[in-house]
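Peer 1: Structure provided below as structure tokens; questions to follow.
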Amino acid sequence: MAHIVVIGASTGGLPFAYDIKKTLGKNHKVTVISNNPNFNFIPSNPWLAVGWRSEEDISFLLEPHLKRKDIELIVGEASEIKPNDNQVMVGDQVVDYDYLVLATGPKLAFDEIEGLGPEGHSVSICTTAHAESARQKWEEFCANGGGPIVVGAVQGASCFGPAYEFACIMDTDLKKRGIRDKCPITFVTAEPYIGHLGLGGVGDSKGLLESEFRQRHIKWITNAKVTNIAADTVTVDQVNDEGEVIKTIEVATQHTMLLPAFKGVDTVAKLADVDAGFVNPRGFVMVNDYQQSPIKDNIFSVGVNIAIPPVEPTPVMCGTPKTGYMIESMVTAVVHNIEEMIADKAPSHIPTWNAVCIADMGDTGAAFVAMPQIPPRNVTWAKKGKVMHLAKIAFEKFFIRNMKTGNSEPAYQKYIFKMLGIERLKKK
């Protein structure tokens, strides 16, 4: 009997646990280690941060759903990984494994910019707890009549989509409250242009998002290095194409949300003390084509915590996002590769890293398809419309239901995506 341990139970770890258990059956053991007893649907955090959702709408307890699938749950912080002993420490508890899957998500590097984050002078939508705190501050902001807003993503960030969503969602909510005219919005981003998204653009994402911002009277500052965030000011160094500072801008604000750069979580980053080849200098996990560690072949990684280089040089550092369907393709590949290794075969499944993203804009939405996500691509397009707003709402309900039932890819979903030419695994 093999024991498969996964650290993390979010949009990568939980689907993996369900899929590997379904694939291997009752003769093998699956254990999930999570520092959170709940599953939180992170893509809904922008809605939570303006009061359009509650925590209860987008969260549920993991234990009863995992137990029903005969998957063990350990709630606690994985404090140490011992790859040479095939062990994970959760406090004083020793968890032995045959195969380890790292789905930890990132560490939020708020400390890299003075005043950034919930402990400073900006709110966050990176976690559900952060978004709930942001909702409370949003209600206070609106009750006091509003004021200038700064939203965006700082240098080194790799997750730009939620910043665009949140800017448009705030715009829509302020219009509903009748105080949009009191709230000038400035979008501050490390991207070289609006719609870059850390991907060099997707289809006509530049024109689409610039047009959307113009219609909503949202100003923007690109090629921006945020140097300081105060209670009423965000200070930005704007650079030219050579990365040289051309001006320093102080933007007035009464409500600030800037997405931070990511790093590898401390427990994973400490693997560098075992062997430098486990992680890169930011603490992200190095993987080969099979999502497998080049140092220990029984360690795999999926999701935001893997190391991917930027897609292209930019004047200000922009990371590469790891999006939902891309992560799902990683999960499927790792499930089959572990199955092969248990059968004494070499892993052979390579994820496509295709990206299918739906972004909500409050009263409309946009869809982006990049196949594969990292250019050059076979397929790339971007479309906007009211139906995309409705599709994002439907996807939220659909994904949460799948995570409760333990079926991460229903047959009809797989069939529809296959008809569209969107598949999780590369053809052999």
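The values are calculated or read from the model by the stated rules, or taken from the named source; none is laboratory data. Just so it is clear, the model here is predicted, and its values are computed rather than measured. Glycine also receives a Cβ, built like all others from the backbone with ideal geometry; neighbour counts cover every protein chain displayed. The accessibility values were calculated without ligands, DNA or RNA, using every heavy atom of the protein model including side chains. Shrake-Rupley method; radii C 1.70, N 1.55, O 1.52, S 1.80 Å.
Peer 1: Under a 1.4 Å probe, what is the accessible area of the chain per residue, stated in Å²?
Peer 2: 42 Å²
Peer 1: Points 7 angstrom from Cα along the Cβ direction at Ala231 and Glu312: gap in nanometres?
Peer 2: Distance between label points: 4.3 nm.
Peer 1: Just how many % of Cα pairs in segment 1-94 lie over 16 Å apart, if you round to the nearest whole percent?
Peer 2: When all Cα pairs of segment 1-94 are counted, 59 percent exceed 16 Å.
Peer 1: Can you give the FRET efficiency to the nearest 0.05 for Asn240 and Lys137, using r as the Cβ-Cβ distance and R₀ = 51 Å?
Peer 2: My answer for the efficiency is 0.90.
Peer 1: Probe radius 1.4 Å, ligands and nucleic acids ignored: give me the carbon and sulfur share of the accessible area of the chain as a rounded percent.
Peer 2: Values: 9220 of 17910 Å².
The computed percentage sits at 51.
Peer 1: So if each residue of separation counts as 0.36 nm, and I subtract the Cα-Cα distance between Ala343 and Arg214, what length gain in nm does that give? Present the calculation step by step, with values, prior to reporting the outcome.
Peer 2: On the way: separation 129, 0.36 × 129 = 46.44 nm, distance 5.68 nm.
That pair, Ala343 and Arg214, stretches by 40.8 nm at full extension.
Peer 1: Also, quick follow-up: Give me the distance in nm between label points sitting 7 Å out from Cα along the Cα-to-Cβ direction at Asn378 and Gln254, one decimal.
Peer 2: It is 5.2 nm.
Peer 1: Using the scaling law 2.2 N^0.38 Å as the reference, what is the normalised Cα Rg of segment 62-207?
Peer 2: Details: Rg = 20.5 Å, N = 146, 2.2 N^0.38 = 14.6 Å.
After normalising by residue count via 2.2 N^0.38 Å, the value is 1.40.
Peer 1: Could you tell me which GluC sites (Glu not before Pro) in segment 180-273 are loop residues by DSSP with no more than 10 other beta carbons within 10 angstrom of their beta carbon?
Peer 2: Glu242, Glu244
Peer 1: Would you pull out the residues with amide H under 5 Å of Leu425's amide H, same chain only if 5 or more places away, H placed 1.01 Å from N?
Peer 2: Those lying under 5 Å, H to H, from Leu425 are Thr352.
Peer 1: Projected onto the charge dipole of segment 60-148 (+1 at Lys/Arg Cβ, -1 at Asp/Glu Cβ, origin at the Cα centre), which of Val95, Cys126, Gly76 gives the Cα projection farthest towards the positive end?
Peer 2: Checked the options; the winner is Cys126.
Peer 1: Taking the simple approach of a point 7 Å from Cα along Cα-to-Cβ for both Met419 and Lys404, what is their distance in nm?
Peer 2: With each label point 7 Å from Cα toward Cβ, the separation is 2.7 nm.
Peer 1: Quick one: putting +1 on the C-beta of Lys and Arg, -1 on the C-beta of Asp and Glu, what dipole do you get for segment 136-273 around its Cα centre, in Debye to the nearest 20?
Peer 2: Computed about the Cα centre, the dipole is about 420 debye.
Peer 1: What pairs in Lys137/Lys247; Lys263/Lys404; Lys175/Lys383; Lys175/Lys386; Lys176/Lys384; Lys22/Lys384 have C-alpha atoms more than 26 Å from each other? Walk me through the numbers before you get to the answer.
Peer 2: Details: Lys137/Lys247 31 Å; Lys263/Lys404 29 Å; Lys175/Lys383 24 Å; Lys175/Lys386 17 Å; Lys176/Lys384 21 Å; Lys22/Lys384 37 Å.
Flagged as over cut-off: Lys137/Lys247; Lys263/Lys404; Lys22/Lys384.
Peer 1: Between segment 294-341 and segment 97-154, what's the alpha-carbon centroid distance in Å?
Peer 2: Segment 294-341 and segment 97-154 have Cα centres separated by 24 Å.
Peer 1: Shifting gears a bit: Grab the Cα-Cα distance for Ile393 and Glu63, subtract it from 0.36 nm times how many residues apart they are, and report the gain in nm with one decimal.
Peer 2: Result for the pair: 116.2 nm of gain on full extension.
Peer 1: Show Arg216, Arg135, Arg68 ordered by accessible area, largest first, where the area counts protein heavy atoms only and the probe is 1.4 Å.
Peer 2: Arg68, Arg135, Arg216
Peer 1: HN-Hα J couplings of segment 298-314 from phi, Karplus 6.51/-1.76/1.60, θ = phi - 60°, integer Hz, Gly and Pro as x?
Peer 2: Coupling constants for segment 298-314: 9, 10, 10, 9, 9, x, 5, 8, 8, 8, 10, x, x, 6, 6, x, 9 Hz.
Peer 1: Would you work out the relative contact order for the chain, in percent, from Cα pairs under 8 angstrom that are 6 or more residues apart?
Peer 2: Reported as a whole number, the value is 17 percent.
Peer 1: With θ set to phi - 60° and the Karplus curve 6.51 cos²θ - 1.76 cosθ + 1.60, what are the ³J(HN,Hα) couplings of segment 236-246 in order, to the nearest whole Hz, using x for Gly and Pro?
Peer 2: Per residue, the Karplus-derived 3J(HN,Hα) values read 10, 9, 9, 10, 8, 5, 8, x, 8, 5, 10 Hz.
Peer 1: So, one more: Which order do Lys82, Lys219, Lys26, Lys404 take by accessible area at a 1.4 Å probe, largest first?
Peer 2: Ranked from most to least accessible, the order is Lys26, Lys219, Lys404, Lys82.
Peer 1: To continue, here is another question. When only alpha-carbon atoms are used, what values of Rg and Dmax, in angstrom, describe segment 154-199?
Peer 2: When restricted to the Cα atoms of segment 154-199, Rg and Dmax are 12.4, 36 Å.
Peer 1: Would you be so kind as to identify which of Gly178, Thr233, Thr256 lies farthest towards the positive end of the dipole of segment 155-282, taking Lys and Arg as +1 and Asp and Glu as -1 on Cβ and the Cα centre as origin?
Peer 2: Gly178
Peer 1: Using the crude model of +1 on Lys and Arg Cβ and -1 on Asp and Glu Cβ, and no other charge, please compute the dipole size for the chain relative to its Cα centre, in debye to 20.
Peer 2: Approximately 1620 debye in magnitude.
Peer 1: Starting from 0.36 nm per residue, how many nanometres of slack lie between Ala272 and Asn36 once their C-alpha separation is accounted for?
Peer 2: Value of the extension gain: 82.4 nm.
Peer 1: Right, next: Would you kindly calculate the translational diffusion coefficient of the chain, applying Stokes-Einstein with the Kirkwood radius from alpha carbon pairs, for 10 °C and a viscosity of 1.306 mPa s, and quote it in µm² s⁻¹ without decimals?
Peer 2: Diffusion coefficient, whole number: 72 µm²/s.
Peer 1: So who's got an amide H within less than 5 Å of the one on Gly365, skipping anything under 5 residues away but keeping other chains? H placed 1.01 Å off N, in plane.
Peer 2: Here Gly385, Lys386, Met388, His389 satisfy the definition.
Peer 1: Here's another thing I want to ask about it. DSSP loop GluC sites (Glu not before Pro) in segment 118-193 with at most 14 other Cβ atoms within 10 Å of their Cβ, which ones?
Peer 2: Glu119
Peer 1: When the Karplus curve 6.51 cos²θ - 1.76 cosθ + 1.60 is applied with θ = phi - 60°, which whole-Hz ³J(HN,Hα) does each residue of segment 162-171 get, with x for Gly and Pro?
Peer 2: x, 5, 5, 4, 5, 4, 6, 5, 4, 4
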